[in-house]
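The values are calculated or read from the model by the stated rules, or taken from the named source; none is laboratory data. Source: prediction; values computed, not measured. All Cβ positions, glycine included, derive from the backbone under ideal geometry; neighbour counts span all protein chains shown.
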Amino acid sequence: MTQTQPVTVVSSGLPILYLYRSDQLALLPAMYRQVLVPVCVWNQLRALNGEGLNAPDPERLDWLTSGPVDLENAPPKPRHVGVNEWNTLRLARDRPNPLVLIEHRNARKQAQAMGMRCTGLLGMILMAKRKGLIGDVKSPIRKLQEQGGFLITEKAVRLALQMSGEAH
(Lines give C-alpha, C1' and ligand atoms only; values in the text may rest on other atoms or scores of the structure.)
Protein backbone atom coordinates (compact mmCIF):
# COMPACT_ATOMS: atom_id res chain seq x y z
CA MET A 1 0.00 0.00 0.00
CA THR A 2 1.38 3.39 -1.01
CA GLN A 3 1.23 6.15 1.54
CA THR A 4 0.57 9.65 0.28
CA GLN A 5 2.66 12.51 1.53
CA PRO A 6 0.80 15.05 3.68
CA VAL A 7 -0.21 18.26 1.96
CA THR A 8 1.57 21.47 2.91
CA VAL A 9 -0.83 24.39 2.45
CA VAL A 10 0.91 27.66 1.64
CA SER A 11 -1.24 30.79 1.40
CA SER A 12 -0.82 34.31 0.19
CA GLY A 13 -2.38 37.08 2.23
CA LEU A 14 -5.57 37.81 0.29
CA PRO A 15 -7.42 34.56 1.05
CA ILE A 16 -6.77 35.10 4.76
CA LEU A 17 -7.92 38.72 4.61
CA TYR A 18 -11.09 37.97 2.62
CA LEU A 19 -12.06 35.10 4.91
CA TYR A 20 -11.36 37.17 8.03
CA ARG A 21 -13.31 40.18 6.79
CA SER A 22 -16.31 37.98 5.96
CA ASP A 23 -16.23 36.15 9.33
CA GLN A 24 -15.28 32.86 7.68
CA LEU A 25 -11.63 32.50 8.71
CA ALA A 26 -12.44 29.33 10.69
CA LEU A 27 -12.77 27.52 7.35
CA LEU A 28 -8.99 27.54 6.87
CA PRO A 29 -8.03 25.46 9.92
CA ALA A 30 -11.12 23.30 9.46
CA MET A 31 -10.00 22.49 5.93
CA TYR A 32 -6.24 22.29 6.33
CA ARG A 33 -5.28 22.25 10.06
CA GLN A 34 -2.02 24.14 9.42
CA VAL A 35 -1.39 26.94 6.95
CA LEU A 36 2.02 28.35 6.10
CA VAL A 37 2.65 31.90 4.85
CA PRO A 38 5.85 33.69 3.87
CA VAL A 39 7.29 35.99 6.53
CA CYS A 40 6.38 39.02 4.37
CA VAL A 41 2.69 38.03 4.44
CA TRP A 42 2.85 37.44 8.21
CA ASN A 43 4.38 40.89 8.68
CA GLN A 44 1.80 42.48 6.40
CA LEU A 45 -1.06 40.93 8.40
CA ARG A 46 0.53 42.15 11.65
CA ALA A 47 0.94 45.66 10.23
CA LEU A 48 -2.63 45.84 8.95
CA ASN A 49 -3.95 44.55 12.27
CA GLY A 50 -1.78 47.01 14.20
CA GLU A 51 -3.15 49.88 12.12
CA GLY A 52 -6.73 48.76 12.80
CA LEU A 53 -7.37 47.88 9.15
CA ASN A 54 -9.62 44.84 9.70
CA ALA A 55 -6.99 42.13 9.48
CA PRO A 56 -6.32 39.18 11.78
CA ASP A 57 -3.43 39.20 14.21
CA PRO A 58 -1.37 36.23 12.99
CA GLU A 59 0.11 35.81 16.48
CA ARG A 60 -3.36 34.74 17.71
CA LEU A 61 -3.90 32.10 15.02
CA ASP A 62 -2.39 28.87 16.32
CA TRP A 63 -2.90 27.15 12.95
CA LEU A 64 -0.94 29.80 11.01
CA THR A 65 2.85 29.69 10.78
CA SER A 66 5.37 31.65 8.77
CA GLY A 67 8.40 30.48 6.93
CA PRO A 68 11.42 32.14 5.35
CA VAL A 69 11.83 32.32 1.59
CA ASP A 70 15.09 31.19 0.02
CA LEU A 71 16.44 34.41 -1.46
CA GLU A 72 19.69 32.86 -2.65
CA ASN A 73 18.43 30.32 -5.18
CA ALA A 74 15.36 32.09 -6.48
CA PRO A 75 14.70 32.73 -10.13
CA PRO A 76 13.75 36.32 -10.97
CA LYS A 77 10.20 37.39 -10.18
CA PRO A 78 7.94 37.41 -13.24
CA ARG A 79 6.53 40.88 -13.97
CA HIS A 80 2.96 39.63 -13.92
CA VAL A 81 3.17 38.27 -10.35
CA GLY A 82 3.14 40.44 -7.22
CA VAL A 83 5.91 40.33 -4.62
CA ASN A 84 3.86 38.62 -1.87
CA GLU A 85 2.43 36.12 -4.34
CA TRP A 86 5.92 35.38 -5.69
CA ASN A 87 7.23 34.82 -2.17
CA THR A 88 4.28 32.50 -1.53
CA LEU A 89 5.16 30.48 -4.63
CA ARG A 90 8.84 30.38 -3.70
CA LEU A 91 8.01 29.20 -0.19
CA ALA A 92 5.68 26.51 -1.56
CA ARG A 93 8.28 25.38 -4.09
CA ASP A 94 10.55 24.25 -1.26
CA ARG A 95 7.85 22.18 0.49
CA PRO A 96 6.78 18.60 -0.14
CA ASN A 97 3.39 18.15 -1.83
CA PRO A 98 2.35 21.83 -1.66
CA LEU A 99 -1.15 23.18 -2.20
CA VAL A 100 -1.00 26.92 -2.88
CA LEU A 101 -3.96 29.02 -1.78
CA ILE A 102 -3.73 32.14 -3.90
CA GLU A 103 -6.19 34.55 -5.49
CA HIS A 104 -4.46 36.29 -8.36
CA ARG A 105 -5.00 34.47 -11.65
CA ASN A 106 -1.48 35.23 -12.92
CA ALA A 107 0.03 33.81 -9.73
CA ARG A 108 -2.10 30.65 -10.07
CA LYS A 109 -0.92 30.23 -13.66
CA GLN A 110 2.68 30.66 -12.46
CA ALA A 111 2.14 28.06 -9.72
CA GLN A 112 0.83 25.59 -12.27
CA ALA A 113 3.77 26.35 -14.59
CA MET A 114 6.05 25.52 -11.64
CA GLY A 115 4.25 22.17 -11.21
CA MET A 116 2.33 23.07 -8.07
CA ARG A 117 -1.32 22.46 -7.27
CA CYS A 118 -3.21 25.60 -6.41
CA THR A 119 -6.68 26.84 -5.65
CA GLY A 120 -8.44 30.08 -4.91
CA LEU A 121 -11.23 30.87 -2.50
CA LEU A 122 -13.96 29.48 -4.75
CA GLY A 123 -12.14 26.17 -5.06
CA MET A 124 -11.66 26.07 -1.30
CA ILE A 125 -15.36 26.77 -0.70
CA LEU A 126 -16.38 24.04 -3.15
CA MET A 127 -14.09 21.60 -1.33
CA ALA A 128 -15.50 22.68 2.06
CA LYS A 129 -18.98 21.77 0.82
CA ARG A 130 -17.76 18.40 -0.51
CA LYS A 131 -16.24 17.70 2.92
CA GLY A 132 -19.50 18.65 4.67
CA LEU A 133 -18.01 21.66 6.46
CA ILE A 134 -20.58 24.04 4.95
CA GLY A 135 -24.11 23.42 3.70
CA ASP A 136 -23.96 25.48 0.54
CA VAL A 137 -21.54 27.59 -1.47
CA LYS A 138 -23.84 30.49 -2.30
CA SER A 139 -23.94 31.93 1.23
CA PRO A 140 -20.16 31.91 1.82
CA ILE A 141 -19.56 33.44 -1.62
CA ARG A 142 -22.07 36.22 -0.95
CA LYS A 143 -20.48 36.89 2.44
CA LEU A 144 -17.06 37.12 0.79
CA GLN A 145 -18.46 39.67 -1.68
CA GLU A 146 -20.60 41.73 0.69
CA GLN A 147 -18.51 41.71 3.87
CA GLY A 148 -15.05 40.73 2.70
CA GLY A 149 -14.72 42.94 -0.36
CA PHE A 150 -14.06 39.94 -2.60
CA LEU A 151 -14.36 40.94 -6.25
CA ILE A 152 -15.59 38.15 -8.50
CA THR A 153 -17.58 38.03 -11.69
CA GLU A 154 -21.14 36.75 -11.71
CA LYS A 155 -20.00 34.26 -14.36
CA ALA A 156 -17.55 32.75 -11.84
CA VAL A 157 -20.29 32.67 -9.17
CA ARG A 158 -22.65 30.88 -11.59
CA LEU A 159 -19.92 28.36 -12.44
CA ALA A 160 -19.26 27.67 -8.73
CA LEU A 161 -22.99 27.22 -8.12
CA GLN A 162 -23.17 24.86 -11.09
CA MET A 163 -20.19 22.84 -9.85
CA SER A 164 -21.78 22.54 -6.42
CA GLY A 165 -25.15 21.45 -7.80
CA GLU A 166 -26.82 24.63 -6.55
CA ALA A 167 -27.54 26.27 -9.93
CA HIS A 168 -31.20 26.71 -10.79
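Pairs linking a residue in the range 89-116 that is over 15 Å from Y32 (Cβ atoms) to a residue that is at pLDDT 90 or above and surrounded by fewer than 14 Cβ atoms within 10 Å (Cβ to Cβ), with Cβ atoms under 7 Å and 6 or more positions apart or on different chains, are N106/H80.
Applying a threshold of 9 Å to beta carbon distances and a minimum spacing of six or more residues, or different chains, the list of pairs starting in the range 29-55 at a residue that is over 21 Å from L89 (Cβ atoms) and in contact (Cβ under 8 Å) with a residue 24 or more places away in the chain and ending at one that is assigned to a helix (DSSP H, G or I) and basic (K, R) reads N54/R21; A55/R21; A55/R46.
Out of curiosity, is T8 under 14 Å from the mean Cα position of the chain (by Cα), within 21 Å of L126 (Cα to Cα) and among the polar types (S, T, N, Q)? So T8 passes the test.
Yes/no matrix, rows are residues, columns are (1) part of a helix (DSSP H, G or I); (2) over 21 Å from K77 (Cβ atoms); (3) aromatic (F, W, Y); (4) more than 14 Å from the chain's Cα centre (by Cα):
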| site | (1), (2), (3), (4) |
| --- | --- |
| L91 | yes, no, no, no |
| P96 | no, yes, no, yes |
| V100 | no, no, no, no |
| A107 | yes, no, no, no |
| Q112 | yes, no, no, yes |
| G115 | no, no, no, yes |
| K129 | yes, yes, no, yes |
| P140 | yes, yes, no, yes |
| Q145 | yes, yes, no, yes |
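Among the residues of the range 24-68, those that are crowded, with 18+ Cβ neighbours inside 10 Å and of a type in the set (V, I, T) comprise V35, V37, V41.
Take the residues of the range 147-168 that are in a helix (DSSP H, G or I) and aliphatic (A, V, I, L, M): which is surrounded by the fewest Cβ atoms within 10 Å (Cβ to Cβ)? Explain how you work it out, then say what you get.
At the first step, the residues of the range 147-168 found to be in a helix (DSSP H, G or I) are 154-164.
Then keep just the ones that are aliphatic (A, V, I, L, M); that gives 156-157, 159-161, 163.
Details: A156: 12, V157: 17, L159: 14, A160: 22, L161: 17, M163: 15.
The extreme case among them is A156.
Please enumerate the residues belonging to the range 27-55 that are assigned to a loop (DSSP other than H, G, I, E, B) and either of a type in the set (F, W, Y) or over 13 Å from the mean Cα position of the chain (by Cα) (or both). Spell out how you get there, then give the answer.
So in the range 27-55, the residues assigned to a loop (DSSP other than H, G, I, E, B) come out as 33-34, 51-55.
Scanning the range 27-55 gives R33, E51, G52, L53, N54, A55.
When L71, L48 are checked against the criterion of being under 25 Å from Q145 (Cβ atoms) and not hydroxyl-bearing (S, T, Y), a single residue qualifies: L48. Pairing each residue of the range 58-69 that is within 19 Å of R90 (Cβ to Cβ) with any residue that is assigned to a helix (DSSP H, G or I) and hydroxyl-bearing (S, T, Y), provided the two are 6+ apart or on different chains, yields C-beta distances under 9 Å for V69/T88.
State all residues of the range 56-76 that are not in a loop (DSSP other than H, G, I, E, B) and not small (G, A, S); if no residue qualifies, say none. Write out each step before concluding.
So the first thing to find is which residues in the range 56-76 are not in a loop (DSSP other than H, G, I, E, B), and the list is 58-60, 64-67.
Across the range 56-76, the qualifying residues are P58, E59, R60, L64, T65.
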